[in-house]
Amino acid sequence: MSEFRERIEAAIPALRRYARALTRDAEIADDIVQDTLVRALRSEHLFHGGDMRAWLYTILTNLNRNRLRTLARRPVVSPIKDTDATASGPDSGGRDIVRALEMLTEEQRSALLLVVLESLTYREVSEVQGVPIGTVMSRLARARNEIKAYLDGERPALRRVK
Amino acid sequence: MNDRDHVSEEELNAYVDNALPADRRGVVEAWLSTHPDDAARVAAWRRQAELLCHRYGHLEYETPPPRFNLDRLARRRFGALAAVAASLAAFLIGAAAGWTVHGMETEKSSDLVRFTNDALVAYRLYTVEVRHPVEVPGDERPHLVQWLSKRVGSPLNPPELDKQGLKLVGGRLLPGPTGPSAFFMYENPAGERFTLYCGRVSDSETALRYTTGGQNAAYYWVDRNLAYVLSGPMETGKLREIAQAAYDQIDRRTAPQG
């Protein structure tokens, strides 16, 4: 296998993680990852070295943005229903954070996930999103404040068991 | 307090992300020790990161399923979602990161191929919808047909597929590669959904053709500059019968009289 393919292959688990969190839907996420891989393989001649991961995240982020654009005419989907489907059993902490992700704009969500989950630098995220670093930072700050407000407001006060 | 000691919200974020210049770390830590509200926010943000990693981190250690085999994917021509967005994505990817897009748009595809891919994507997107599969329900058929005919710019008449066990769930308007497209959804008692996607194309007429995408398949044809794509689950074997019935009905309706 070529070095190019080896590097793509090594990135698949992380791409799946990012896509799953970005879409909150396992099936859609894996479809997007697959399309990202197909596109990357087809575009080998366009990749002139550099950061493979940032390149793949860029493709994935754009494919998801296009998917949402196709969906734009769809009536607003109730976030509660969607997250119920993705929530897993007693993992209420997980469900809360999944619901909280629904509160964000697509750009905020992408910025937050790339930094927190994928450990990209602000500069890398600015390349992926095609915006200045300052914009990435304000998206990140807004995302965190939104999530905090959501979790603070929605989660019932934790009762300490004595 | 002077300006150098003031810590901005962005610096608090950078502190959490370990993205702060070394000489500011100490300043931020001193700030946090005297600003409990900010310290609490920083702690909450860290907790968010933990929750996210807890929820999604396991995927990093999961062996990817076989569908991601790169040798196999390299032989594929279209991705399920990618085909629709190909030219747009090529542009955005190039624009976003400065990579050249030369060569990426040379993939030749006729209106009809793009149209069929759009139809399959629409099928996949909307047939899984429980609450909002359609914009106008099938029991408002006259209104639905009138509205979509007007938007597409040609008289439409979704086929009656009762004999095939299908009832019209309803329809919606979708963007297509060449203009507005109408999307009709049918459902059988088993809950299987089939969709008919139609819109204007430049080809004037073609025979019935077959294509697949992912788990789904479609029959498509053109009749008097209107392209039709009938999509459904691939494995059930009912698709051909349904497509043939739809094709025959549409053919009869649009055939020259006399």
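Every read-out reported here was derived from the displayed coordinates using simple, explicitly stated rules and does not represent laboratory data. The model shown is predicted, which means the values in this text are computed figures rather than measured ones. In this analysis, Cβ positions are derived from the backbone assuming ideal geometry, glycine residues included, and neighbour counts consider all displayed protein chains.
Things to note:
- The range B:153-258: relative contact order as a whole-number percent, Cα under 8 Å and 6+ apart: 21 percent
- Phi-based couplings in Hz for the range A:103-110 (Karplus 6.51, -1.76, 1.60; Gly and Pro marked x): 6, 8, 6, 4, 5, 5, 4, 4
- The simple Förster model, with R0 at 22 Å and r as the Cβ-Cβ distance, assigns residue B:71 and residue B:210 a FRET efficiency of 0.25.
- Between the range B:128-203 and the range A:1-68, the Cα center-to-center distance that results, in Å: 33 Å
- For the peptide A:141-148, the mean number of other protein chain Cβ atoms found within 10 angstrom of a residue's Cβ is 5.
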